[in-house]
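Colleague: Please see the structure below; I have some questions.
The values are calculated or read from the model by the stated rules, or taken from the named source; none is laboratory data. If you're wondering where the values come from, they're calculated on a predicted model, not measured in any experiment. Cβ atoms come from the backbone with ideal geometry, glycine included; neighbour counts cover every protein chain shown. Each accessible area value is taken on the protein alone, full model and side chains, heavy atoms only, with ligands, DNA and RNA left out. Shrake-Rupley method; radii C 1.70, N 1.55, O 1.52, S 1.80 Å.
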Amino acid sequence: MAGAATGWSRSAPRGSPGRAEENLSAALAALAEASGWADRPAFVEAGTGVLSHGEVHDLVARVAGVLADHGVAPGARVLLALADGRWFPAAFLGTVHLGGIAVPVNPGLPEGDHAWLADDADPAVVVCEPGLAARFGGSRPVLDPGDLAAAVASRDPVPPHPVGGEAIAYAQYTSGTTGRPKAALHRHRDPRCYHRAMGEAALGIDPGDRVLSVSKAYFAYGLGNSVFFPLFSGASAVLWPARPSPEGAVALAGETRPTLFFAVPSFYAALVARAEP
């Protein structure tokens, strides 16, 4: 298998035994309930609406059921080629909820790159934007947000799969600057450590904050900004599916009033050059 040389050989333990509360998805849901965040906004979708923390975790448990119906079991990989929107965190955490391994990739990659990533990751299921479905067909099920929306309407939530904190929860591919991209593997306990170090200690994010990240959630930087930070802190994040532009960022910031803005140096430079002060 191609993955043996690109990071997946280090995937053990995939589904090491543990407790349900050690599952990242379950831990986030329990934190929201214990902290009284259930009715607070978690995700603000540009032009669509607001999803509360309670609604997020209910949706995650229902999406997990849909994925299980399509063959996702503990240790199975689910490739996600999704734009930023409610179905990204729902499918990402729905996979994790089952003890599976979420594999987010850039939906804007060329077809050949998607084919290579699918071959390397060998997912049980692919969840992607509607226009990408033909790239990932064959023997594996391919779902798009419309499929998920239709299925969750009649699907009951499922309980989280017990895992140890050392079990692999998700994988993100490196940029490939020194060769083929490699799958960098992350455990169920890692995002909490990341949030404590960055979200809490460095940024002091609290439930009153609203995050807007130019970097998308399929990037490691964007995943922390838009998914982990708000769900671990009770804050909210603006999910922006469009291709970022300085003008678009200014308009969206004016509409949603974020308290924290994340971008990369080149984007800040473009803002200075093209946006009003």
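Colleague: Let me check I've understood the local charge: for Val44, count other residues with C-beta under 13 angstrom from its C-beta, Lys and Arg +1, Asp and Glu -1. What total comes out? Write out the running numbers ahead of the final one.
Modeller: Numbers: positive: Arg40, Arg86, Arg210, Arg257; negative: Glu45, Glu55, Asp84, Asp209, Glu255.
Net local charge, Val44 excluded: -1.
Colleague: May I ask which residue of Leu59, Val158, Ala197 lies farthest towards the positive end of the charge dipole of the chain, with charges of +1 (Lys, Arg) and -1 (Asp, Glu) on Cβ and the Cα centre as origin?
Modeller: Ala197
Colleague: Still on this model: Net charge near Pro160: determine it from the other residues with C-beta under 10 Å of the C-beta of Pro160, scoring Lys and Arg +1 and Asp and Glu -1.
Modeller: On the way: positive: Arg19; negative: Glu21, Glu22.
Cβ neighbours under 10 Å give a net charge of -1.
Colleague: How far apart, in nanometres, would the label points at Asp113 and Arg19 be if each is projected 7 angstrom from Cα along the Cα-to-Cβ direction?
Modeller: 4.2 nm
Colleague: Using only the alpha carbons of region 154-218, determine the length spanned along each of the three principal axes and report them from longest to shortest in whole angstroms.
Modeller: The Cα atoms of region 154-218 stretch 41, 34, 28 Å along their principal axes.
Colleague: Quick one: the Cα spread of region 199-277 along its three principal axes, in angstroms, biggest first?
Modeller: 34, 23, 23
Colleague: Something else now. Can you give the accessible area per residue of the chain, in Å², using a 1.4 Å probe?
Modeller: Details: 11640 Å² over 277 residues.
Ligands and nucleic acids excluded, the figure is 42 Å² per residue.
Colleague: In nm, give the distance between the simple-model label positions of Asp39 and Asp69, each being 7 Å from the Cα along the Cα-to-Cβ direction.
Modeller: 3.1 nm
Colleague: Taking every pair of alpha-carbon atoms in region 120-277, what share in percent sits in each 5 Å bin, from 0 to the bin with the longest distance?
Modeller: With a bin width of 5 Å, the distribution comes to 2, 7, 12, 14, 18, 19, 14, 9, 3, 1, 0.
Colleague: What order do you get for 192-198, 20-26 when each peptide is scored by the mean count of other beta carbon atoms within 10 Å, highest first?
Modeller: Details: 192-198: 14.3, 20-26: 21.7.
My ranking of the peptides, most packed first, is 20-26, 192-198.
Colleague: Using the alpha-carbon centroid of each, what span in Å lies between region 93-144 and region 22-44?
Modeller: 26 Å
Colleague: Heavy atoms only, probe 1.4 angstrom, no DNA, RNA or ligands counted: give me Thr259, Thr178 ranked by accessible area, highest first.
Modeller: On the way: Thr259 80, Thr178 125 Å².
Listed by decreasing accessible area, they come as Thr178, Thr259.
Colleague: Can you give the Kirkwood hydrodynamic radius of region 5-152 from its Cα pairs, in Å with one decimal? Walk me through the numbers on the way to the answer.
Modeller: Working: mean 1/r = 0.0629 Å⁻¹.
Here the Kirkwood hydrodynamic radius works out to 15.9 Å.
Colleague: If you place +1 on the Cβ of every Lys and Arg and -1 on the Cβ of every Asp and Glu, how big does the dipole about the Cα centre of the chain come out, in debye to the nearest 20?
Modeller: Values: 21 positive and 26 negative charges, 118 e Å.
That gives a dipole near 560 debye.
Colleague: Among Leu93, Leu67, Leu203, determine the one that fluctuates most according to a GNM of the chain built with springs between C-alpha atoms less than 10 Å apart.
Modeller: Result for the chain, Cα springs under 10 Å: Leu203 fluctuates most.
Colleague: In addition: Can you bin every Cα-Cα distance in the chain into 10 Å intervals starting at zero and give me the percent of pairs per bin, rounded to whole numbers?
Modeller: Histogram of Cα-Cα distances, whole percents per bin: 7, 30, 38, 21, 4, 0.
Colleague: Still on this structure, please answer the following. Rounded to the nearest 0.05, what FRET efficiency do Glu166 and Ala253 give with R0 = 35 Å and r taken as the Cβ-Cβ distance? Could you check? Please report the intermediate quantities before stating the final value.
Modeller: Details: r = 39 Å, r/R0 = 1.12.
Efficiency, from the Cβ-Cβ distance: 0.35.
Colleague: Which percent, nearest 5, of DSSP beta bridges in the chain are antiparallel?
Modeller: On the way: 10 of 30 bridges.
Taking every DSSP beta bridge with both residues in the chain, the antiparallel ones total about 35 percent.
Colleague: Measure off 7 Å from each Cα along the Cα-to-Cβ vector at Ala242 and Ala150, then give the distance between these two points in nanometres to one decimal.
Modeller: Once both label points are built, they end up 2.9 nm from each other.
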